[in-house]
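The values are calculated or read from the model by the stated rules, or taken from the named source; none is laboratory data. A quick note: this is a predicted structure, and the numbers were derived from the prediction, not measured. Cβ coordinates were reconstructed from backbone atoms using ideal geometry, including for glycine residues, and neighbour counts include every protein chain displayed.
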Amino acid sequence: MAGTISSMTNTQVRKCALITGVNGMDGSHLADLLLEKGYEVYGLERRTSKPNRSNTAHLEAHPNFTFIIGDLGDQNSLLRALNQSEPTEVYNLAAQSFVGSSWMIPEQTGNINGLGVLRMLEAIREYQENTSENVKFYQAATSEMFGKMVENPAKETTPFYPRSPYGVAKLYGYWITKNYRESYGMFACSGILFNHESERRGIEFVTRKITDGVTKIKLGLEDHISLGNLDSYRDWGYAPDYVEGMWLMLQQDEPDDFVLATGDAYSIREFLDLAFKEIGITDWSDYVKQDPRFMRPAEVDVLRGDATKAQKILNWKPKVNLAEMVKIMVAEDLKRNTILSYQLSRSEE
Ligand code: G4F
């Protein structure tokens, strides 16, 4: 049974969120935001021998935050999580989130990113039937569904053309969310988010790989960064701005789908320019090697979004621009890698 926030009065509406994928970049930023807003927050994490809580360690002692074990691959665990947390809002952010790996594990990607959404929707449907409670549902859809970009910039009405098993699976998640909204009247929304990054981004993604790499080069820990295609373009925003958009979608009177994007696309080369500039290097050609291992069987060359609808209806706008975000990410990686460098030098003494 869910607890109550001690400061809640009888007239206040209970605000309680269940976040799947809470240990990821978006999940952890969203948990921070909702706790600040006075929510009770439950974070679903998979059972592993050692959970990766590098983004959520600071929440362990928070009085209004609770971890729950569960898995999008296990229907009963989702219903149990709903019964335990009694949420008013569910944010489904758990996924096999790395596009590059989706060619190696296409079946698992389809199972979690596609059928996992169905399992959560079914669990919510059953929970609502059993309790007569209404639960609002957010599905983390993605600009990867646009893939080959039939229209540039892409908006909510742009036809989809996914280019990876990841994008195809996410498209199922998007459509099943829409279908449950239309079939059962559920308050279910998809946020079609273009790339968004932060200092909490996993190291396998290109932005964080670069900011981590340049700081290691500065500290003499590495002499180059190995990358794949440098000529793709992405519309990169700052993740804390984007989780606010997720929350706004669930505060509307009617459920709907929204694109969140900055409207500007930059190449990997331009990202490299900005990151190397932060450590005082203008010509990075000697520090970057192209490695075929990081090339993809099918590439999404350009992603650029049009968030006019979100701006009009949600009053949502990104606050942090790319150069500011790169500055934040490089500064954080520099701090972390300076500690690492110190620890390495101590262990060698
Ligand atoms: O950072 P990436 O791996 O992100 P990608 O594939 O755009 O996916 C991210 O954004 C999606 C939203 O559009 C999300 F749905 C998804 O979950 C994830 O958050 O790659 C960005 C670009 C690609 O074109 C890739 O080919 O960078 C290129 N790239 C070049 N070298 C590299 C590398 N990507 C990675 N991960 N590693 C490289 O060494």
task = Name, by its number, the condition in (1) part of a loop (DSSP other than H, G, I, E, B); (2) surrounded by fewer than 16 Cβ atoms within 10 Å (Cβ to Cβ) that does not hold for N23.
result = (2)
Unmet criterion (only one of (1) touching a Gly at 6+ places or on another chain (Cβ under 8 Å); (2) buried (at least 20 other Cβ atoms within 10 Å of the Cβ)) for Q290 = (2)
Which listed residue, of L93, L72, L78, is more than 30 Å from N229 (Cα to Cα) and within 16 Å of the ligand (Cβ to nearest atom) = L72
note = Residue set I203, I192; condition touching a helix residue (DSSP H, G or I) at 6+ places or on another chain (Cβ under 8 Å), within 12 Å of the ligand (Cβ to nearest atom), farther than 24 Å from G263 by Cα and not in a helix (DSSP H, G or I); output residue I203
remark   = When every residue in segment 51-63 that is more than 16 Å from the ligand (Cβ to nearest atom) and surrounded by 19 or more Cβ atoms within 10 Å (Cβ to Cβ) is compared, the one nearest to the chain's Cα centre (by Cα) is T56
task = Take segment 239-269 and flag every residue that is within 13 Å of the ligand (Cβ to nearest atom) and either outside any helix (DSSP H, G or I) or crowded, with 16+ Cβ neighbours inside 10 Å (or both).
result = A239, Y242, V259, L260, A261, T262, A265, Y266, S267, I268
query = In segment 294-349, what count of residues is obtained for those that are among the polar types (S, T, N, Q) and either in a strand (DSSP E or B) or at pLDDT below 95 (or both)?
reply = 4
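N130 - would you say it is more than 13 Å from the ligand (Cβ to nearest atom) and assigned by TED's automatic domain parsing to the domain that holds I19?
yes
A quick yes/no check of all residues on (1) of a type in the set (A, V, I, L, M); (2) over 25 Å from D264 (Cβ atoms); (3) modelled with pLDDT under 95:
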| site | (1), (2), (3) |
| --- | --- |
| Y166 | no, no, no |
| R208 | no, no, no |
| K218 | no, yes, no |
| L230 | yes, no, no |
ask   = Tell me, which residue of segment 133-143 that is closer than 21 Å to V243 by Cα and not small (G, A, S) is farthest from the ligand (Cβ to nearest atom)?
value = V135
note = With criteria (1) closer than 24 Å to L79 by Cβ; (2) out of contact with any Cys (no Cβ under 9 Å at 6 or more places or on another chain); (3) not basic (K, R), L171 comes up short on (1)
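Of all residues in segment 150-159, which are more than 11 Å from the ligand (Cβ to nearest atom) and surrounded by 18 or more Cβ atoms within 10 Å (Cβ to Cβ)?
P153, T158, listed by residue number.
A quick yes/no check of all residues on (1) within 15 Å of the ligand (Cβ to nearest atom); (2) buried (at least 17 other Cβ atoms within 10 Å of the Cβ):
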{"site": "M104", "(1), (2)": "yes, no"}
{"site": "Q108", "(1), (2)": "yes, no"}
{"site": "R119", "(1), (2)": "no, yes"}
{"site": "M145", "(1), (2)": "yes, yes"}
{"site": "Y161", "(1), (2)": "yes, no"}
{"site": "G167", "(1), (2)": "yes, yes"}
{"site": "K170", "(1), (2)": "yes, yes"}
{"site": "Y174", "(1), (2)": "yes, yes"}
{"site": "H196", "(1), (2)": "yes, yes"}
inquiry  = Can you report the number of residues in segment 48-65 which are without any contact (Cβ under 8 Å) to a residue 40 or more places away in the chain, closer than 15 Å to A17 by Cβ and touching a strand residue (DSSP E or B) at 6+ places or on another chain (Cβ under 7 Å)?
reply    = 3
key: Cross-chain or 6+ apart pairs with Cβ under 9 Å, segment 127-142 first and touching a residue at least 40 places away in the same chain (Cβ under 8 Å), then in a strand (DSSP E or B) and acidic (D, E)   = V135/E89; K136/E89; F137/E89; Y138/E89
query = Could you list, in sequence order, the residues of segment 308-337 that are touching a strand residue (DSSP E or B) at 6+ places or on another chain (Cβ under 8 Å), more than 15 Å from A239 (Cα to Cα) and surrounded by 19 or more Cβ atoms within 10 Å (Cβ to Cβ)?
reply = A310, L314
ask   = What pairs come up if the first residue lies in segment 251-272 and is closer than 30 Å to T215 by Cα, the second is away from the ligand (no atom under 15 Å from the Cβ), and their beta carbons are under 8 Å apart, counting only those six or more places apart or on different chains?
value = L260/A310; L260/W316; T262/N321
